[in-house]
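Heads up, the thing below is written out as structure tokens.
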Amino acid sequence: MPFEDELKPVRVVPHQSTWRADFVELARVLGGALGAEAVAIDHVGSTSVPGLAAKDCVDVQVRVGDVDEARLEPLLAAIDFRCRPEPWNRTEVSGGRECRKLVFAPPPGARSCNVHLRRADGPNSRFALLFRDYLRADEAARAGWGAFKRRLAASVPDIFDYGQIKATATEVLMAGAERWAADTGWTVGGAPGNAAP
């Protein structure tokens, strides 16, 4: 759930050319705060897919060796990033496995973003990269996903309800992504750019 300063209706907008530069700046700031804890910093989510409509909220994945809240949370708190407290922002199921994660919000008034800390070798970090790379590669899937999100935001502007409905639809999308990965030989190691070491 958003913090109070983030509460606003969901709005899906056409792809913005500035999202890539916004990610690069966020990666610089996060990398400075996390240092060697960050194995890689990835631009993920819909804003990482050129041509895809999205909420104006940049999703960043930080791949770490271990999701250790006691060690990592103070590093991001030092730059005023806020750990989201809800249970669904601390665990997720991916590939049939429950995975630890931490999700951080930006400082109040800063560029809207979600920072996801996940184990570098976890199925949930793979999921985020596969989602991105599949939608970059498949024009029909990209167009369909963008149209779905625009319709959903127009009819369900509440962020919690929007997220719940989108999560179910994402499972369907990712079944296609897994078929694409198998057909093309996609692997995380072969995932292209938009990562900062």
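The values are calculated or read from the model by the stated rules, or taken from the named source; none is laboratory data. Predicted, not measured: the structure shown is a model, and the values here were computed from it. Using ideal geometry, Cβ is built from the backbone for each residue, glycine included, and neighbour counts are taken over all protein chains shown. Each accessible area value is taken on the protein alone, full model and side chains, heavy atoms only, with ligands, DNA and RNA left out. Shrake-Rupley method; radii C 1.70, N 1.55, O 1.52, S 1.80 Å.
Just one of the numbered conditions (1) open to solvent by 20 Å² or more (accessible area, probe 1.4 Å); (2) of a type outside the set (A, V, I, L, M, F, W, C); (3) under 18 Å from the mean Cα position of the chain (by Cα) is not true of Gly144: (3).
For the stretch 62-77, the criterion of being open to solvent by less than 50 Å² (accessible area, probe 1.4 Å), touching a His at 6+ places or on another chain (Cβ under 8 Å) and farther than 21 Å from Glu4 by Cα is met by at least one residue. Scanning the stretch 78-102 for residues that are under 16 Å from Glu4 (Cα atoms) and crowded, with 16+ Cβ neighbours inside 10 Å gives Phe81, Arg82, Cys83, Arg84.
Restricting the stretch 155-167 to residues that are in a helix (DSSP H, G or I) and touching a residue at least 60 places away in the same chain (Cβ under 8 Å) leaves a set whose member that is farthest from Val103 (Cα to Cα) is Tyr162. Condition check for Thr184 on (1) touching a residue at least 40 places away in the same chain (Cβ under 8 Å); (2) within 27 Å of Ala33 (Cα to Cα); (3) out of contact with any Gly (no Cβ under 7 Å at 6 or more places or on another chain): one failure, at (2). For the stretch 38-59, a residue qualifies if it is open to solvent by 10 Å² or more (accessible area, probe 1.4 Å), within 20 Å of Ala154 (Cβ to Cβ) and in a strand (DSSP E or B), and exactly one does: Lys55.
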